[in-house]
Amino acid sequence: MKSTWFKDSVVYQIYPQSFQDSNHDGVGDLKGIQSRLDYLNKLGVDVVWLNPIYTSPNQDNGYDIADYRSIQSRYGSMDDFDELLADMHEHDLKLIMDLVVNHTSDQHHWFQESKKSKDNPYADYYIWRDPVDGHEPNNWGSFFSGPAWTYVPERGQYYLHLFADGQPDLNWENEKVREEVYDLMRFWLDKGVDGFRMDVINLISKPAGLPDAPQAPDAPYGNVEQAVANGPRVNEFLQEMNREVLSKYDIMTVGECAGTTPDEAMHYANLDDTELNMIFQFEHVNLSPNENPALTKWNDEPIDLVELKQVFSRWQTELDGKAWNSLYWNNHDQPRAVSRFGNDTPEYRELAAKMLGTILHMMQGTPYVYEGEELGMTNVHFKQLSDYEDLESINAYHQFVDEEQLVDSQTMLNYLEDRSRDNARTPMQWDDSTHAGFTDATPWYGVNPNYTDINAKAALADDESVFYYYQKLIQLRHDSELIRYGSYRLLDGDNPDVYAYEREYNGQKLVVLGNFTDQTLVYGAVEQTQGKLLIGNYDDDQGETLRPYEAKVYLVDAE
Ligand code: TEU
């Protein structure tokens, strides 16, 4: 396998408004990020992915971009950005930006023009359709509830928005739109940024004729992901983008691709580098959906470990030697890893966070750490609707409780507590001072009350912290071709309590074990006692005894 830097890197994701405030307005900003680069160096990560920092009305926290070439003023100025980028490079950190080009904000001047008439220069930049029998052109529902179409009287037409009404979808069939996108990419790449995370990039090519989407019996609208994901021209568009832009720079790319299987990933993330370097697949984070498909992800059931192992193992084995994986437990759209997949009670939180880190960081692929994950930050456990900020959560509550009456209020609040994106968006917990050292003003969003115990300052003062464990995981990867490139084999797949797998490379083998329960188990199915313990989350090794949430990694000679 050819070694390139994206394969050898660990990425740290920063949600800018929640990372570090520097100018006392309660919102994180670029100078705040710059003040924390030493912290990132200490953790040992190689690349930073910044969620969108461009000018935006923030209907969807920056994923609705009004100007791709300017910095949102609450985050700072373009000079601040240039300084941050230079300082990151000084710190040996690469920077990848969020590229959101499936849609723009409705405040973008392209859309402001486009909606005026059917014959202006931007008329065809978006996806406009005539009403059908006085209604929406098809049954598509928005990812954020309600129809995916909004009517504009000036044009007498509907425009498509797979997300909020303030996020109209760009028309990628229009060559001019594609050129605009390539141009804005060059703008950032010419500044020296090191790549892009591409938002919902597998949704850019819509099926010809925009046919109705499959619709679950209780669902008010058709499932737009099933209708649009991995559309007819998406690979062609990405190959064009690769030829025109990506291939001309030494950068990394990761495409966000919900609803994608390993077969499709072979194209997107192929090793010949004709499209992207890797994708974010969603199969593991979409486990334990509601049994009523109309309710999609909204649920509060724990995951089934056997299913989780099947998902990861399929991606690990099917992409091996053909395409490259990204590895993540959580991000700004997902609940906190330790709460969703582990155990966030005071007794087990740190053990579970380290165990999850071990299972993920010993796999083949590029690991992503979401801000605060390295501290074992947890879900916020909100109890009432007024605590939520994210439009996805708030709209889903109204749709399913008030309009469709598919669930009662308390049940939906339980679902939100478990799955809401807001769990990931509370401010970074730096220390135990007021507002966790994130800001000295009123924070734009409340700090998780557990910050007095869970914070970076406490973690840095404790040799046994989740932080230092992550530091070691990252160091091990940097030092080991076996961890980066070894093949993967699932062990004991039917075991409902333990995740066990091996990696193999050049005559050496790793055995990775994780106990996903709060029980002490006897686990003797592998030759672990013969190997050298590389890392573990207890301070001694009791051989076949696996204590609650215990994780161990052994290095053994392969036969
Ligand atoms: O997310 C796309 C996406 O798949 C999510 O909307 C997903 O359906 C949902 O969060 C899962 O519950 C990207 C961004 O990561 C997200 O923050 C944006 O809101 C969205 O695109 C629109 O740009």
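Evaluated at 25 °C with a viscosity of 0.890 mPa s, what Stokes-Einstein diffusion coefficient in µm²/s does segment 219-353 have when Rh comes from the Kirkwood expression over alpha-carbon pairs?
146 µm²/s
Cα-Cα pairs above 17 Å in segment 183-241: how many percent?
Within segment 183-241, distances greater than 17 Å cover 55 percent of Cα pairs.
At q = 0.22 Å⁻¹, what base-10 log of I(q)/I(0) does the Debye formula yield for segment 29-98 when every alpha carbon is treated as an equal point scatterer in vacuo?
Normalising to I(0) and taking log10 leaves -0.94.
What dipole magnitude, in Debye to the nearest 20, does the chain give about its Cα centre under +1 on Lys/Arg Cβ and -1 on Asp/Glu Cβ?
Roughly 800 debye for the chain.
Apply the Debye scattering formula to segment 126-224, with a single equal point scatterer on each alpha-carbon and no solvent, then give log10 I(q)/I(0) at q = 0.14, 0.18, 0.21 Å⁻¹.
Each listed q corresponds, in turn, to -0.62, -0.91, -1.13.
Based on the Kirkwood radius over alpha-carbon pairs, what is the Stokes-Einstein translational diffusion coefficient of segment 18-58 at 37 °C with 0.692 mPa s viscosity, in µm²/s?
287 µm²/s
Taking N as the number of residues in segment 412-559, what is its Cα Rg relative to 2.2 N^0.38 Å?
1.31
Suppose R0 equals 30 Å. What FRET efficiency, 1/(1 + (r/R0)^6) with r the Cβ-Cβ distance, do Q508 and T261 give to the nearest 0.05?
My answer for the efficiency is 0.45.
Considering amide H positions built from the backbone, and no H for Pro or chain starts, which residues 5 or more places from T104, or on another chain, come under 5 Å of its amide H?
Placed amide hydrogens put L170 under 5 Å from T104.
Which lysines, on any chain, are close to K7 with Cα under 27 Å apart, when same-chain ones fewer than 8 places away are left out?
By straight Cα distance, K7 reaches K42, K94, K191, K248, K309, K322, K354, K472, K509, K532, K552.
Work out how far the C-alpha atoms of segment 104-169 reach from end to end along every principal axis, then list the three figures in whole Å, largest first.
29, 25, 15
Size of segment 172-299 along its principal axes in angstrom, Cα-based, largest extent first?
Projected onto its principal axes, the Cα set of segment 172-299 covers 49, 32, 25 Å.
For the chain, what relative contact order do you get, as a whole percent, if you take Cα pairs closer than 8 Å and at least 6 residues apart?
13 percent
Could you give the Stokes-Einstein D for segment 487-557 in µm² per second, using the C-alpha Kirkwood radius, 37 °C, 0.692 mPa s?
The diffusion coefficient I find is 270 µm²/s.
Give me the extension gain from H478 to D541: residue separation times 0.36 nm, minus the current Cα-Cα distance, reported in nm with one decimal.
Residue separation times 0.36 nm, minus the Cα-Cα distance, leaves 20.2 nm.
In Å, the Kirkwood hydrodynamic radius of segment 356-473 over pairs of distinct alpha carbons?
Computed over segment 356-473, the radius equals 16.1 Å.
F187 accessible area, nearest 10 Å², 1.4 Å probe?
Its accessible surface works out to 60 Å², give or take rounding.
What's the Cα-based Rg to Rh of segment 4-143, Rh via Kirkwood?
On the Cα set of segment 4-143, Rg over Rh gives 1.10.
If you take the Cα Rg of segment 210-260 and divide it by 2.2 N^0.38 Å, with N the number of residues, what do you get?
1.59
In nm, give the distance between the simple-model label positions of A461 and D402, each being 7 Å from the Cα along the Cα-to-Cβ direction.
Result: 4.6 nm between the two label points.
Report the label-to-label distance for V306 and A558 in nanometres (one decimal), using points 7 Å from each Cα along the Cα→Cβ vector.
2.9 nm
Whole angstrom only: what separates the Cα centroid of segment 324-394 from the Cα centroid of segment 237-307?
18 Å
Test of understanding: what is the full-extension gain from E318 to V152, defined as 0.36 nm times their sequence separation minus their Cα-Cα distance?
55.2 nm
Compare H398, H91, H109 by solvent-accessible area with a 1.4 Å probe and give them largest first, with all protein chains kept in place.
H109, H398, H91
Could you put I251, I96 in order of accessible surface area, largest first, with the 1.4 Å probe and the full protein assembly present?
I251, I96
From zero outward in steps of 10 Å, how is the percent of C-alpha pairs of the chain spread across the bins?
Calculated over all Cα pairs of the chain, the distribution is 3, 17, 28, 28, 17, 5, 1, 0 percent.
Which net charge results when you count Lys and Arg as +1 and Asp and Glu as -1 among the other residues whose beta-carbon is under 10 Å from that of R197?
Once positives and negatives cancel, what remains is -3.
Would you calculate a helix-derived [θ] at 222 nm for the chain, using -39,500 (n - 2.57) for each DSSP H run of n ≥ 4 and dividing by the full residue count, to the nearest 500?
After summing the helix terms and dividing by residue count, I get -7500 deg cm²/dmol.
The values are calculated or read from the model by the stated rules, or taken from the named source; none is laboratory data. Keep in mind that this is a model prediction, so the values were computed, not measured. Using ideal geometry, Cβ is built from the backbone for each residue, glycine included, and neighbour counts are taken over all protein chains shown. In case anyone asks, the SASA skips ligands and DNA or RNA and just uses the protein heavy atoms, side chains included. Shrake-Rupley method; radii C 1.70, N 1.55, O 1.52, S 1.80 Å.
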